[in-house]
Amino acid sequence: MRGILAFALFLLASSAMAHDAPSGWTYDPYCCNGDSKTGDCEMIPSRTVTVIPGGYRITLYPGDHRYVTHAHIFTLPQRKTMRSPDGAYHLCLFPDENTPRCFYAPDMSY
């Protein structure tokens, strides 16, 4: 019984930490820490994302994401990309600006 109660409390705490994207959908609790003002998930400009073979290259500068203080280039595989329900790119940086935790991208159309 204690195990079930502990698991239920964990789920409630996890869902309470996730916040919504600007368009209203909720980031995955694993990806998101904080709220819409201080959280590590944020919509990033589409100009920062380049589709490359097998995934994406993301080039960020200060102002592209609230945590970014210097230039970053991340290469992220397609298999680890999550679907963005609003057609925009979103990036979660955790535990610091050097570590992409989750990346949301719109569906590709060919």
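Looking only at residues that are among the aromatic types (Phe, Trp, Tyr) and open to solvent by 70 Å² or more (accessible area, probe 1.4 Å) in region 53-93, which one is nearest to residue 27 (Cα to Cα)?
Ranking the qualifying residues of region 53-93, first place goes to 67.
Can you pull out the residues in region 23-52 that are assigned to a loop (DSSP other than H, G, I, E, B), surrounded by 10 or more Cβ atoms within 10 Å (Cβ to Cβ) and modelled with pLDDT of 85 or more?
Passing the criteria: 23, 25, 27, 28, 29, 30, 31, 32, 33, 39, 40, 45.
Given the criteria touching a residue at least 40 places away in the same chain (Cβ under 8 Å), closer than 13 Å to residue 102 by Cβ and touching a Lys or Arg at 6+ places or on another chain (Cβ under 7 Å), does residue 41 qualify? Walk me through it before giving the result.
On the way: touching a residue at least 40 places away in the same chain (Cβ under 8 Å): yes; closer than 13 Å to residue 102 by Cβ: yes; touching a Lys or Arg at 6+ places or on another chain (Cβ under 7 Å): no.
No: the conditions fail for residue 41.
The values are calculated or read from the model by the stated rules, or taken from the named source; none is laboratory data. The model shown is predicted, which means the values in this text are computed figures rather than measured ones. No Cβ is skipped: glycine too gets one built from the backbone with ideal geometry, and neighbour counts run over all protein chains shown. Surface areas here come from the heavy atoms of the whole protein model, side chains and all, with no ligands, DNA or RNA. Shrake-Rupley method; radii C 1.70, N 1.55, O 1.52, S 1.80 Å.
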